[in-house]
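What follows is a set of notes on a single structure, which appears directly below.
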């Protein structure tokens, strides 16, 4: 049984454990083990103070399954280590790429063979804005009313 | 000895904008007040162009074309969110914190083991890393000295490290050398007007004010300024205020006849704001935030019920009726819905700060004349009865058409306004194939 739940990004989203029949007010022996409902804010945002949301424009990261229109959760307090997908500032613009390091140079690698890697050398300026931790993609685009 | 730190964001509104607009870094940038009227924040490049704090935009508009100046409207939602993050980060550093304004926080570091400079550098690094806002930290044995230390920290090579100044670890001679030459207007609690009066008494610097006899200051000015003098001499008279709730001024009324049209509410709100502002000026306070509320009569159960309120933080703390009215009417129009019989409305001014103690002293020429106007209005109302002089309806009608033509998106508070992460090719390079 699935129940439509409106997604409010400013409020905690409560997911009901589908494996259990829920009767409001009825105690259940399983309740002690379950405790609080899953709170997506806690799952997706480990450090609210340093976490921000961005929207993707373009397709240079499709091989990493990041598509145009996706929403990215970006955390500025996470270390920008090689191999991680980062949000970087290049020429005054935000860009999402894979961070790589090799022999003293830093690279911003796309995930799409049609795009080229951006390379930075000693003395050149690259700013890593934050590290991408989650990708949020909306599946159902609600255009009609609910029954 | 007490050890109080004052942490504040550098050119805070400009810095907030630059977090989401890295293309604005290094360029002359200003943020405009309500109604796009005057500059309330300036980047260092804009300061170098000669833009003054509080300068009306029409005076500097030519710099847009001539010097590439960028002027943005205030983005309240963004600044409030970034401020909350900054204050929550700072809360971890000391057992007691006082959030003084949207970008300033006092911290009580008394009794903590680490040197002030070490703590300060960690604070600056963490805030820069987590939210991208540059800050300065000043530490002193009183709040007034902490503020002064912060002022020193902002100068090139002012303190012990870039953006940090701890007065409590300096020998008194070195400390005096650092703070005595500072202009007296820079002292917290001394605005332009008190500064002019002090200068008339040949007190023009911190050093001179420090040495002024306490009873003379108390007699000629107030016990408040005397306290400032004692604070300048190292005595902590003002404590960290842990109390979250601040005082407020409320003006509201239940209507004799219910109001259904927004114009009726606007008339009422105009009156409430004027009265509340008058009380504000009478106490020599400025409001940093404003709330409007409207509601139906809950006892008329057969009617449709509604109760709405909206809080607007003011970019600049003010006691000016027109400025407050601009904001209040805008908020009112935002929450008003037709089809209800409104029975009560009101305005609440809160987050009140003492005049002269707000972060920015905005009494530039234009505001000085507005200030005299307000004083005259108050004087006439006091002499001939309240309401003798009222804000004209035409002025009020124009007042709420607040311009915000150059506002950036609400990046962190509006799902539809998220900043863009580009996954497109850069304009300069061409994509490779195969």
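Nothing in this text is a laboratory measurement; each read-out follows from the coordinates by a stated rule. Note that the structure is a prediction, hence the values are computed from the model and not measured. Cβ: placed from backbone, ideal geometry, glycine included. Neighbour counts: every protein chain shown.
Modelled spin-label separation between residue A:36 and residue B:223, with each label point placed 7 Å from Cα along the Cα-to-Cβ direction: 4.7 nm. Once you keep just the Cα pairs under 8 angstrom separated by 6 or more residues, what percentage relative contact order results for the stretch B:196-241? This gives 27 percent for the stretch B:196-241.
Averaging 1/r across all pairs of distinct Cα atoms in the stretch B:188-318 and inverting the result yields a Kirkwood radius of 18.9 Å. The fewest-to-most ranking of B:87, A:61, B:201 by surrounding Cβ atoms within 10 Å reads B:201, B:87, A:61.
Remark: mean inter-chain Cβ contacts per residue of A:89-101 equal 4, using a 10 Å Cβ-Cβ cutoff to other protein chain atoms. The calculated pair-distance distribution of the stretch B:39-81 uses every alpha carbon pair, bins of 10 angstrom beginning at 0, and gives 26, 54, 19, 1 percent.
What are the equivalent ellipsoid semi-axes of the stretch B:59-98, built from the alpha-carbon gyration tensor (square roots of five times its eigenvalues), in whole angstrom, biggest first?
Each semi-axis is the square root of five times an eigenvalue, giving 36, 11, 8 Å.
Panel order for B:186, A:42, by other beta carbons found within 10 Å of each beta carbon, from fewest to most: A:42, B:186. Distance in nm between label sites at residue B:91 and residue B:353, each 7 Å beyond Cα in the beta-carbon direction? Here the answer is 2.1 nm between the modelled labels. Neighbour counts of C-beta atoms inside 10 Å place B:258, B:17 in the sequence B:258, B:17, starting with the fewest.
Under the √(5λ) rule applied to the eigenvalues of the Cα gyration tensor, what semi-axes describe the equivalent ellipsoid of the stretch B:190-237? Give them in Å, descending.
Result for the stretch B:190-237: semi-axes of 16, 11, 10 Å.
Seen through its C-alpha gyration tensor, with square-root eigenvalues sorted a ≥ b ≥ c, the stretch A:70-147 comes out prolate because a/c lies at 1.5 or above while a/b is bigger than b/c.
The Rg/Rh ratio for the stretch B:93-192 is 0.95, where Rg is the radius of gyration of the alpha carbons and Rh is the Kirkwood radius. Spin-label model, residue B:49 to residue B:424: label points 7 Å out along the Cα-to-beta-carbon direction sit 2.7 nm apart. Computed on the stretch B:1-150, with alpha-carbon pairs under 8 angstrom and 6+ residues apart, the relative contact order is 35 percent. Would you give the gap between the C-alpha center of the stretch B:251-294 and the C-alpha center of the stretch B:48-118, rounded to a whole Å? Measuring centre to centre over Cα atoms gives 29 Å. Size descriptors for the stretch B:123-279 (Cα atoms only): Rg and Dmax, in that order, 21.7, 69 Å.
The mean number of partner chain beta-carbon atoms within 10 angstrom of a residue's beta-carbon across peptide A:125-135 is 1.
Restricting to Cα pairs below 8 Å that are 6+ residues apart, what does the relative contact order work out to for the stretch B:1-90? Please round to a whole percent. Once normalised by length, the contact order is 27 percent.
Based on the Kirkwood radius over alpha-carbon pairs, what value in µm²/s does the Stokes-Einstein equation return for the translational diffusion coefficient of the stretch B:1-77 at 20 °C and 1.002 mPa s? So the translational diffusion coefficient is about 165 µm²/s. Within the stretch B:80-148, the proportion of Cα pairs with more than 13 Å between them is 64 percent. Quick one: grab the alpha carbon gyration tensor of the stretch B:11-51, order the square roots of its eigenvalues as a ≥ b ≥ c, and give me rounded if a/c is under 1.5, else prolate or oblate depending on whether a/b is larger than b/c. The shape class here is oblate. Note on B:179-188: average number of Cβ atoms from other chains within 10 Å of each residue's Cβ is 0.
Shape of the stretch B:152-228 from its Cα gyration tensor (a ≥ b ≥ c, root eigenvalues): rounded if a/c is under 1.5, otherwise prolate when a/b > b/c, or oblate? It comes out prolate by the Cα gyration axes. Convex hull volume of the Cα atoms of the stretch B:1-136, normalised per residue: 113 Å³. Averaged over residues, the count of other Cβ atoms within 10 Å places the peptides A:68-75, B:36-43, A:97-104 in the sequence B:36-43, A:68-75, A:97-104, highest first.
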